[in-house]
């Protein structure tokens, strides 16, 4: 499966509706929404009010990535704001299983995110519960960082765990994704690619999305 989830963190916030409508018309599959609290990661982005605004205009599922401390406290809030897929960091959850079940109980698809230094083996007992596993291919917090090459190995390892556990979750990769490494990530076993600068920094974002999917 080849899916694209462009990151709105790289959109023009002054023209957010325009950029969302462009994505609606494109071949992308989801809209990736990065929520940062300035504590779990060294940056602050936006919260539920902006997600709710995005939902008003989006005609594709909102792929909401919580880069925040204690994300379990906010599951109901992001469901109310319009999240369709809600992913939380392994590193931020003391009781990961409880949070994932809460996301499902609120009618959303659930997912776990791993930072670059976190081994995929830690998901051996959790992966069957997930709809998505998101592997960070940069250190989270800022766009425009250089892709970490070890991500290819992590994708392959995660694919093996999914097969061994008979898990049907999608493997998503976020950070430094571009036209050069996209085919290599798909070949390694990734299903969904998050692209920010590669899409919104392109002179023809819709064509870039099309080329990534090919």
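Quick look at the numbers
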read-out: Boolean, residue 148 is out of contact with any strand residue (DSSP E or B) (no Cβ under 7 Å at 6 or more places or on another chain), under 22 Å from residue 91 (Cβ atoms), touching a residue at least 24 places away in the same chain (Cβ under 8 Å) and not in a loop (DSSP other than H, G, I, E, B); value: no
read-out: Residues of the stretch 155-203 classified as more than 19 Å from the chain's Cα centre (by Cα) and closer than 19 Å to residue 32 by Cα, total; value: 1
read-out: All positions within the stretch 92-103 that are buried (at least 16 other Cβ atoms within 10 Å of the Cβ) and either part of a helix (DSSP H, G or I) or in contact (Cβ under 8 Å) with a residue 60 or more places away in the chain (or both); value: 92, 96, 99, 100, 102, 103
read-out: Residues that are surrounded by fewer than 14 Cβ atoms within 10 Å (Cβ to Cβ) and under 22 Å from residue 170 (Cβ atoms), drawn from the stretch 1-27; value: 1, 24
read-out: Filter result (part of a helix (DSSP H, G or I) and either touching a strand residue (DSSP E or B) at 6+ places or on another chain (Cβ under 8 Å) or within 19 Å of residue 95 (Cβ to Cβ) (or both)) within the stretch 109-126; value: 120, 122, 123
read-out: Complete set of residues in the stretch 75-91 that are under 18 Å from residue 43 (Cβ atoms) and surrounded by fewer than 19 Cβ atoms within 10 Å (Cβ to Cβ); value: 91
read-out: Residues satisfying the stated conditions in the stretch 170-208, i.e. outside any helix (DSSP H, G or I), more than 19 Å from residue 116 (Cα to Cα) and in contact (Cβ under 8 Å) with a residue 12 or more places away in the chain; value: 179, 201
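Since every read-out is calculated from the coordinates, none of them should be taken as a lab result. The model shown is predicted, which means the values in this text are computed figures rather than measured ones. With ideal geometry, Cβ positions are generated from the backbone for all residues, glycine too; neighbour counts draw on all protein chains shown.
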